[in-house]
Amino acid sequence: MMVNTGCPGCFVQRVSTLVPFKLNYTVESVQGILNFTMDVDMLAHFDEWQRSHQDDDYEAQDQWPLEVRRARVVSAVDYVQAQRARGKLIREVRENFKVDAFVGNATDWERVCMGNLVGLPVIVVPTGFKKISDAPSNDTRRRTTITTGIYAPPDHDHIALALAMTYQSVTDHHKQRPPIDDLGPNDSIPNPPRAVVPARQLR
């Protein structure tokens, strides 16, 4: 198993055996292949909707309607070439995935695109808390969750699930909730709102 920079030490110590590993592939534009594939597949699903100009009524014109219209001009040659590159990527990832699993940033966009194209099972687990960005003050108690992704080889979902279960059996991060305000567990709420709920009438 390979652990990227920033992976929690408890995961390394309690769950995994570390070996040097890097997932290599030669395909360059992974995100470009994903865009071609998803846009054209989406247009195939919403073809009638778009041909009948219902996309003109969509509220956010800078989002899905734009993606669908762009897919309309993708040539068959470009789409087939993208799928050939995707097939090459799948072969290379399968050949080079020499470990049981690896742990890494679950929000790394290159890895997200590659995982979607290849079919890498990934499960995201919480590993702790960190300070929120742009905090109103340095002493704020508010925190946000830190997460880590466990990536398994294609068609090996059970490995990612087993590692996540093992990790959660020796930690309690998944049972914790980040503070969303500056109140501590024993603090009282000043001037709490009061509401009178009428008794429910049973009939």
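The values are calculated or read from the model by the stated rules, or taken from the named source; none is laboratory data. Keep in mind the model is a prediction, meaning the values are calculated, not measured. Cβ atoms come from the backbone with ideal geometry, glycine included; neighbour counts cover every protein chain shown.
Before moving on, here are some points about what is shown:
- Listed conditions (1) outside the structural domain of THR171 (by TED's automatic domain parsing); (2) of a type in the set (Ser, Thr, Tyr); (3) within 30 Å of VAL19 (Cα to Cα) are all met by SER52, apart from (3).
- Condition check for THR148: over 19 Å from the mean Cα position of the chain (by Cα), assigned by TED's automatic domain parsing to the domain that holds THR17 and β-branched (Val, Ile, Thr): no
- Any hit, region 81-97, residues being hydrophobic (A, V, I, L, M, F, W, C) and within 30 Å of THR144 (Cβ to Cβ): no
- Residues satisfying the stated conditions in region 7-30, i.e. within 22 Å of LEU89 (Cβ to Cβ), surrounded by 14 or more Cβ atoms within 10 Å (Cβ to Cβ) and modelled with pLDDT under 90: PHE21, LEU23
- Each residue in region 30-59 was checked for being outside any helix (DSSP H, G or I) and free of Cβ contacts under 8 Å to residues at least 12 places away in the same chain, and 4 pass.
- For region 114-122, the criterion of being free of Cβ contacts under 8 Å to residues at least 24 places away in the same chain, outside the structural domain of ALA44 (by TED's automatic domain parsing) and within 27 Å of PHE46 (Cβ to Cβ) is met by no residue.
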